[in-house]
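Heads up: the structure comes next, in structure tokens.
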């Protein structure tokens with residue numbers, strides 16, 4: 001099997017007359033912690049939407065594990081091992097934390113459709129195994145005490161952890177994080193950095209969008225910088241910090257502490 | 001050819017009713033299920049006004065009185081429904097408003113039944129039965145009146161929406177309520193206006209139905225209401241010329257099915273047409289495709 | 001706490017329901033049987049509307065398909081009623097898949113109108129004696145009753161107990177659904193379709209499954225209905241009935257007690273208070289409006305938290321609804 005690399009080549013996405021992603025190419029290697037940064041409105045989330053099949057791109061190629069995934073539907077892409085979290089947190093608000101994380105186990109379950117009507121000893125075993133996996137994840141993300149809480153009523157920082165736990169429940173090979181530190185305080189951000197390292201130790205490649213530059217410089221190994229949908233630079237964090245084109249792009253915007 | 005005349009007559013009535021649906025849906029994204037029952041109600045109110053209030057003798061004055069009273073009454077009823085059943089749910093999820101609309105529909109429909117009983121009533125013959133024969137086709141005064149009056153009303157509404165300030169405000173609110181509010185448009189008043197206009201047009205439609213079909217029952221609201229709604233969808237829901245076009249087309253379609261296949265299959269074919277349109281071109285004939293932002 | 005109440009309530013309910021015929025005269029037995037049958041249909045509606053969140057206003061269509069399947073197989077082909085039951089489940093389920101397929105992607109209110117459309121087409125097709133087998137506007141009558149050898153003396157009670165058995169089966173199956181991946185998937189896609197897709201759930205397939213399962217159960221209720229009246233007719237499956245089942249689930253709430261309450265108020269209460277009967281829909285209409293304003297999730301909403309007890313005891317209890 002080809003290595004779990006994600007390769008974007010000349011990806012372009014248009015919304016009517018607006019070019020949101022413009023001829024973008026980058027290469028995420030297996031095991032990397034890769035960052036995609038740029039000023040607000042640069043098109044970063046759109047790139048993620050392209051990769052995950054929510055808004056398929058019109059041109060270019062997206063190769064994952066050696067296969068073209070550009071036109072696959074979202075759920076198929078997840079089955080191939082790519083899971084993403086959302087900038088705005090999309091959890092199942094009226095359900096409990098445990099049930100939310102359990103949703104991540106859906107494609108790992110060996111149940112058949114008829115188990116929705118009749119249980120079998122095998123389906124019962126599958127249920128137990130999956131709940132077990134869910135509670136192990138809750139331990140990992142320190143969410144044990146919130147297992148039965150309704151997710152919608154929990155603080156933002158905890159909801160973010162639940163979303164990550166849910167994503168990890170799918171056992172992804174590539175985890176795509178869309179602004180995971182948004183809304184977190186300094187302590188929570190430190191904890192997030194730790195979590196990202198621990199995730200990578202388990203063999204998961206991480207691709208993230210982030211505005212918090214401290215986090216980006218600390219945690220990522222390689223970056224692509226985009227503005228107006230186009231790549232303006234790529235390199236290691238220290239290279240990017242000194243890149244004049246990047247500095248110019250950010251000087252225009254006021255929301256990143258560079 | 002005969003079917004063409006019949007179809008256009010029925011189509012005009014559908015169009016008048018469809019306008020009520022499409023205007024409300026355009027701004028509020030809500031299917032006003034109670035609208036059809038308002039239309040039914042207008043037939044009964046017209047009957048009541050004629051026989052109980054104006055003495056039961058036909059004259060031009062009486063006919064005008066019937067129309068005037070009925071339109072005002074039904075417009076008020078429409079206003080009340082908006083206030084009681086829809087306004088409290090402006091910010092609620094869509095499903096709540098749908099259910100409330102169904103509830104309002106039930107209330108009105110059964111209100112009619114409780115007041116007038118479940119049996120069929122006969123609407124008075126306010127227009128004398130005068131028939132002409134033109135080239136093998138039978139046309140009645142009633143049909144001509146319905147078509148002409150409907151056309152006048154529809155053109156009037158079109159000009160109102162396109163040329164006046166209020167009309168522009170309506171169109172703006174239909175595109176983006178929040179943006180309209182930010183522009184200083186009082187969206188609440190616009191919504192009230194829409195309900196008043198839509199209900200009035202529906203009232204006229206209901207009176208025409210009474211005049212044309214003569215037999216009216218309390219539960220005919222859903223019958224005509226659904227048809228009119230189908231017409232609105234075919235033309236493009238939220239689109240005023242669309243509702244007019246859809247109404248006429250559906251009337252023609254209905255007449256042809258009834259004339260050439262069988263009237264017992266008219267409903268089935270109409271709804272098969274609706275389902276096909278929903279699958280193939282849900283925005284209707286004149287509607288625009290709007291991309292949904294994630 | 002809720003789990004303990006459930007452990008008492010369900011057996012109690014069934015004991016009461018099983019003993020009921022001994023206390024009722026034949027008129028009330030008919031009412032009770034209708035109550036049970038309509039509860040089954042409402043529960044089937046809940047799968048599609050309450051759990052999967054799809055605006056289905058055509059459930060009477062599947063109810064009618066099941067009833068007519070039984071009627072046609074029995075009256076025209078001489079099948080015993082019991083033998084028609086599996087077919088009366090499978091044919092509606094099949095149509096559930098067939099009809100849901102092309103419309104499942106439609107936005108809420110469009111889906112609603114499409115399902116009404118299907119219902120209307122069905123009723124009119126049946127009224128027009130489609131294929132010469134559906135009997136026209138008067139329907140089909142003179143059906144056999146469900147009977148078991150040796151229980152002939154209980155024939156009077158057969159429709160009721162058959163319906164009750166079907167209800168028991170329905171609740172059993174729904175319970176299985178709620179503690180399975182398929183069942184949870186329906187809740188996920190109702191809460192957030194995009195998020196559900198983003199963790200790998202094929203929402204389209206699951207939605208069609210919900211439709212099919214709801215259709216099959218409604219079909220089973222249809223057999224019970226045909227059995228009760230020994231006849232079927234088109235008006236019983238008019239889309240207005242669908243509106244009622246839809247409203248019962250929304251106003252009563254997407255829970256078993258809520259649905260029982262809704263069916264009771266709509267169908268049993270008017271029998272108890274005859275004067276109430278003509279006012280039934282008028283009052284229900286107001287109830288719908290006020291419930292949506294005051295209690296949007298229904299009088300007895302659904303509760304989540306179906307987590308195996310073995311795990312929750314380790315977690316803290318507070319926070320569970």
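Any read-out appearing in this document is the output of simple, stated calculations on the displayed coordinates, not a laboratory observation. Computed from a predicted model, the values in this text were never measured in an experiment. Please note: Cβ atoms are built from the backbone with ideal geometry, for glycine as well, and neighbour counts cover all protein chains shown.
At-a-glance table
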{"item": "Highest-first arrangement of B:238-247, C:218-227, C:168-177, where packing means the average Cβ count within 10 Å", "result": "C:218-227, B:238-247, C:168-177"}
{"item": "In nm, spacing of pseudo-spin labels at residue C:98 and residue C:128 (7 Å Cα→C-beta vector)", "result": "1.6"}
{"item": "Exposure proxy order (Cβ contacts within 10 Å, fewest to most) of A:144, C:27", "result": "C:27, A:144"}
{"item": "Debye log10 I(q)/I(0) for chain B, one point scatterer per Cα, at q = 0.12, 0.16 Å⁻¹", "result": "-0.76, -1.35"}
{"item": "Prolate/oblate/rounded call for segment A:16-109, Cα gyration tensor, a/c under 1.5 rounded", "result": "prolate"}
{"item": "Chain B: most fluctuating residue of B:28, B:183, B:151 per GNM, C-alpha cutoff 10 Å", "result": "B:183"}
{"item": "Tilt relative to chain C, helix C:108-127 - C-alpha long axis, 0 to 90 degrees, to 10", "result": "10"}
{"item": "Share antiparallel - DSSP beta bridges, the protein assembly as shown, percent rounded to 5", "result": "65"}
{"item": "Relative packing of peptides C:7-20, B:101-114 - highest average C-beta neighbours within 10 Å first", "result": "B:101-114, C:7-20"}
{"item": "Taking chain B and dividing mean pair separation by its residue count, relative contact order in percent (alpha carbons under 8 Å, at least six apart)", "result": "37"}
{"item": "Exercise: per-residue mean of other protein chain Cβ atoms within 10 Å, A:81-89", "result": "2"}
{"item": "Cα convex hull of the protein assembly as shown, projected area averaged across orientations, nm²", "result": "41.4"}
{"item": "Segment C:273-308-segment A:179-208 distance, computed between alpha-carbon centres (Å)", "result": "46"}
{"item": "Between helix C:181-191 and chain C: long-axis angle, C-alpha atoms, 0 to 90°, nearest 10", "result": "70"}
{"item": "For segment B:151-210 versus segment C:39-59, the gap between their alpha-carbon centres in whole angstrom", "result": "35"}
{"item": "Three-way shape label, segment C:2-312, alpha-carbon gyration tensor, a/c 1.5", "result": "rounded"}
{"item": "Whether segment A:91-170 is rounded, prolate or oblate, judged on the alpha carbon gyration tensor where a/c under 1.5 counts as rounded", "result": "prolate"}
{"item": "Which of A:215, C:194, B:286 has the fewest Cβ neighbours within 10 Å, and the rest in rising order", "result": "C:194, B:286, A:215"}
{"item": "Exercise: per-residue mean of other protein chain Cβ atoms within 10 Å, B:81-92", "result": "2"}
{"item": "Using alpha-carbon coordinates, inclination of helix A:186-201 to the longest axis of chain A, degrees", "result": "80"}
{"item": "Peptide A:112-121 - average C-beta neighbours from other chains (10 Å radius)", "result": "6"}
{"item": "Computed over segment B:87-173, the ratio Rg/Rh where both radii use C-alpha atoms and Rh is Kirkwood", "result": "1.15"}
